[in-house]
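The values are calculated or read from the model by the stated rules, or taken from the named source; none is laboratory data. These numbers were taken from a predicted model, which means no experiment stands behind them. Glycine gets a Cβ as well: all are built from the backbone with ideal geometry, and neighbour counts include every protein chain shown. Calculation scope for accessible area: heavy atoms of the full protein, side chains included, ligands and nucleic acids excluded. Shrake-Rupley method; radii C 1.70, N 1.55, O 1.52, S 1.80 Å.
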Amino acid sequence: MADRTFYLTTPIYYVNARPHLGHAANAIMADAMCRYRRLRGDRVYLLTGTDEHGDNIAQTAAKAGVSPQAYADEISAAFRDTWRRLGITNDDFIRTTEPRHKAVVQAILQKLYDAGEIYFGEYGGWYCYGCERFYTEKEIVDGKCPDHQRPLSFIKEKNYFFKMSKYQGWLIKHLEDNPGFIQPARYRNEVLGFLREPLQDLSISRPKTRLQWGIPLPFDDQYVTYVWFDALINYISALGYPDGTLYKELWAAGHAEHLIGKDILKPHGVYWPTMLHAAGIPLYRRLNVHGYWTIGGGKMSKSIGNVVEAFQLTDKYGHDAFRYFLLREMTFGLDASFSEEAFVGRLNADLANDLGNLVSRATAMIVNFGGGHAPRPGAAIEEDRAVSAALGEAARAVDEAMEDFAFQRALAAIWEFLGVVNRYVDASAPWTLAKDPAKRDRLDTVLYTLAESLRVISILIDAFLPDAAAKIRTAVAGNAPRLADLRWGGLAPGAAVQKVSGLFPRVEAEKSPSPQGKEQGEGSAAPNARIPIDEFRKVELRVAEVLAGERVPKSKKLLKLTVKVGEEVRTIVAGIAEHYEPETLVGRKIVVVANLEPAKLMGIESNGMVLAASHEGSLALLSLEKDLPPGSKVS
Ligand code: MSP
């Protein structure tokens, strides 16, 4: 990442619902990303805010018996307070009812109108009040909005239109020339998919006879601005477009990235770039799209009910645990399912056990055996060097993952490192060394390694678990965290270390009292829970034929395999190098998980996972009892 300036936006939240888990997840992702970039020393600016105009809000306010402005004031304040309590580090909070925003929307409308990009016409179409947009015949499912699953209304009226259709070819070319413009790639493909159908012009107004609650068009006061045309502009009105310094330094200089949920892909991936292009304004750099949090498989949006107040759970389990769960459990771009049981599973296994226990054990040993100071280390042996090497790997993997907003990968890499340190404690057994004065030198090295591990862990987790990171830092002589200080050996011998206990207390689940320890394996939230067959059916297992294999340079564990699955040839990186020579695998039929999201391992994109059984350090690849062609389904 060469770019050292980073302007990130969240969507602006509709004020017709109080903040809930889905909104909070979105804001937390943005916050974690910005905190990480600040740790890198980058100049960061995070914008969030509220979207306050439109039919929906006018109707909700009317139902509540208050004016739209009073309603918007109350909910907007609830978002601001909620974000403050969640520790979201936004630099600004924009409201679309603010004069600074309205002025920019009107200036851009006027500019487009003067340039002949807006015309007056008539249009009839199927409209969803929930989404505040028309749906094309192709998009409608069973006569309903695919998102809200509510019937659509047929609306025919005279309106102003933006000549969006004329930018169809230009947008396709832009997406083709800039493959990273929308990520993950599935969403870029989805936008290219929309663009295979003829693009319509965009109705950008609503007659005042139908809706008063909006920004009046500067060239016709009988109309107000359509909510999306109004809302999208927040990303530049907040920066003082066109003359503001922030606008020039953050937007015009090409540093803007948006973070959105998949439901608002079309406005951000189609309307917004064409609006900007038509107005002669530079485009954003990248659109990052996350999936949906569901509860029991159903969408949790304000319109569908099943709303979860973000704070019920943060107050119950703490902000850090809540952030961790949301960031760790969602594969960026895909949907994730929320349950309190899974949350408690992660909390106990990853936070209480892997992290909390390590911190309390390590600090207690440094205090008890090292007198509360990080000793001067003696000569490092291989076990010590393995810890420092693992740090380097983790830091690299985190950086790579964060480039893609892949929070789950970043956290998995950090937890790999925690695993290495936890195993190091067990293997080096400082409590035994402490009994033998002749082993003092070795004990000092081990205690230093532990203190230094805690110091770097506090930096690694800072963007994700800011409160826990600060507590560790306070106990282990830490300075303001910077990624630059992730170099091994940064802790000065003699530095004071205090005991830390109860960083993440275990939670005994009310429903399933069985302890969920780390021995039950990384990667599953509630490892003992039985799953319905449909969950298992999501995993596509196939027979693959190994065409070629080689060791991954600088890795002890990884092999790069070229395999054939049906007619498709793909690369899979497998952690089996300690058990198999690559040449011996060529021609073998193995079993792979074929529908995994791609993952980058040591810079190589892996598309799938090889299945193997393991027991006490021995590992065996799954193979077929009878020959079947590659691509055969395994079930
Ligand atoms: N006001 C528009 C955005 C305008 S941006 C110029 C809007 N607001 S919203 O309040 O409905 O949604 C705000 C964000 O929250 C969206 O990114 C949406 O995807 C996200 N989420 C709302 N519910 C969600 C989940 N259940 N899960 C994940 N994100 C969710 O759309």
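In region 325-366, which residues are open to solvent by 10 Å² or more (accessible area, probe 1.4 Å) and among the polar types (S, T, N, Q)?
Selection gives T331, S337, S339, N353, N357, S360.
Please state which one of Y284, Y226, Y235, Y292 is open to solvent by less than 10 Å² (accessible area, probe 1.4 Å), touching a residue at least 40 places away in the same chain (Cβ under 8 Å) and within 11 Å of the ligand (Cβ to nearest atom). Even if it seems obvious, please write down each step before you answer.
Working: Y284 fails: within 11 Å of the ligand (Cβ to nearest atom); Y226 fails: within 11 Å of the ligand (Cβ to nearest atom); Y292 fails: open to solvent by less than 10 Å² (accessible area, probe 1.4 Å).
So the residue among Y284, Y226, Y235, Y292 that is open to solvent by less than 10 Å² (accessible area, probe 1.4 Å), touching a residue at least 40 places away in the same chain (Cβ under 8 Å) and within 11 Å of the ligand (Cβ to nearest atom) is Y235.
Write out, first by first residue and then by second, each pair whose Cβ atoms fall under 8 Å of each other, whose residues are 6+ apart or on separate chains, and whose first residue, in region 193-208, is open to solvent by 20 Å² or more (accessible area, probe 1.4 Å) while the second is part of a loop (DSSP other than H, G, I, E, B) and of a type outside the set (G, A, S).
Note: pairs meeting the criteria are E197/T136; Q200/T136; D201/K163.
Given (1) in contact with an Asp or Glu (Cβ under 8 Å, 6 or more places away or on another chain); (2) buried (at least 18 other Cβ atoms within 10 Å of the Cβ), identify the lone condition not met by S458.
Unmet condition: (1).
With a cut-off of at least 1 residues that are open to solvent by less than 40 Å² (accessible area, probe 1.4 Å) and farther than 25 Å from R18 by Cα, name the strands (runs of 3 or more DSSP E) lying wholly within region 77-190.
Because the criterion is at least 1 residues that are open to solvent by less than 40 Å² (accessible area, probe 1.4 Å) and farther than 25 Å from R18 by Cα, the strands (runs of 3 or more DSSP E) in region 77-190 that meet it are 118-128, 133-135, 153-162.
Is it fair to say D73 is in a helix (DSSP H, G or I), out of contact with any Leu (no Cβ under 8 Å at 6 or more places or on another chain) and either acidic (D, E) or under 17 Å from P466 (Cα atoms) (or both)?
Yes: the conditions hold for D73.
Go through region 17-71 residue by residue and tally those that are open to solvent by 30 Å² or more (accessible area, probe 1.4 Å), within 14 Å of the ligand (Cβ to nearest atom) and among the hydroxyl-bearing types (S, T, Y).
Number satisfying all stated conditions: 1.
Residue-wise test of (1) part of a strand (DSSP E or B); (2) at pLDDT 95 or above; (3) in contact with a helix residue (DSSP H, G or I) (Cβ under 6 Å, 6 or more places away or on another chain).
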position: F6; (1), (2), (3): yes, yes, yes
position: A17; (1), (2), (3): no, no, no
position: N26; (1), (2), (3): no, yes, no
position: A30; (1), (2), (3): no, yes, no
position: R35; (1), (2), (3): no, yes, no
position: R38; (1), (2), (3): no, yes, no
position: G41; (1), (2), (3): no, yes, no
position: T50; (1), (2), (3): yes, yes, yes
position: H53; (1), (2), (3): no, yes, yes
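Return a yes/no flag: does region 389-405 have any residue that is open to solvent by 20 Å² or more (accessible area, probe 1.4 Å), in contact with a strand residue (DSSP E or B) (Cβ under 9 Å, 6 or more places away or on another chain), of a type outside the set (G, A, S) and part of a helix (DSSP H, G or I).
Looking for residues that are open to solvent by 20 Å² or more (accessible area, probe 1.4 Å), in contact with a strand residue (DSSP E or B) (Cβ under 9 Å, 6 or more places away or on another chain), of a type outside the set (G, A, S) and part of a helix (DSSP H, G or I), one finds at least one in region 389-405, hence yes.
Taking the condition assigned to a helix (DSSP H, G or I), within 29 Å of N189 (Cα to Cα) and either within 11 Å of the ligand (Cβ to nearest atom) or not polar (S, T, N, Q) (or both), does I264 pass? Can you show your working first?
Details: assigned to a helix (DSSP H, G or I): yes; within 29 Å of N189 (Cα to Cα): yes; either within 11 Å of the ligand (Cβ to nearest atom) or not polar (S, T, N, Q) (or both): yes.
So I264 passes the test.
What are the pairs, 6+ residues apart or on separate chains, where a residue within region 338-361 that is in contact (Cβ under 8 Å) with a residue 60 or more places away in the chain and acidic (D, E) has its Cβ under 6 Å from a residue that is surrounded by fewer than 21 Cβ atoms within 10 Å (Cβ to Cβ) and part of a helix (DSSP H, G or I)?
D354/K518
Please state which of the following conditions L491 fails to meet, knowing it meets all the rest: (1) part of a loop (DSSP other than H, G, I, E, B); (2) within 18 Å of G372 (Cα to Cα); (3) open to solvent by 40 Å² or more (accessible area, probe 1.4 Å).
Failed condition: (3).
Residue pairs, Cβ under 9 Å, 6 or more apart or interchain, first in region 311-324 and within 14 Å of F338 (Cα to Cα) and buried (at least 19 other Cβ atoms within 10 Å of the Cβ), second modelled with pLDDT under 90 and among the polar types (S, T, N, Q). List them.
Short answer, once both residue conditions are applied: A321/T314; F322/T314; R323/T314.
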